[in-house]
């Protein structure tokens, strides 16, 4: 038997779910960061191919750096997206 209904999703109720079940697992969190960096790089290539980006593309890569002393992990890319 199939039932129909509606589901109400708002930022108030979806973000806690995302935080708990997606980002509490460090491997999934890192994979998401790298995936977002790759997407940003691909977007930059696409904008360049359409002529919407006039600058130098440079080396299109995603870098993951680990600093054991500082206890940090840095994911960086040369794409479109967050800058800080």
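The values are calculated or read from the model by the stated rules, or taken from the named source; none is laboratory data. Quantities reported herein were computed from a predicted structural model and do not represent experimental measurements. In this analysis, Cβ positions are derived from the backbone assuming ideal geometry, glycine residues included, and neighbour counts consider all displayed protein chains.
Observations
- If the condition is being touching a residue at least 12 places away in the same chain (Cβ under 8 Å) and over 22 Å from residue 32 (Cα atoms), then segment 54-73 contributes 57, 58.
- The set of residues from segment 8-23 being at pLDDT below 70 and exposed (fewer than 10 other Cβ atoms within 10 Å of the Cβ) comprises 9, 11.
- Segment 39-76, residues that are under 20 Å from residue 26 (Cβ atoms) and touching a helix residue (DSSP H, G or I) at 6+ places or on another chain (Cβ under 9 Å): 62, 63, 64, 73, 75, 76
- Residues that are closer than 11 Å to residue 75 by Cα and surrounded by fewer than 13 Cβ atoms within 10 Å (Cβ to Cβ), drawn from segment 36-63: 61, 63
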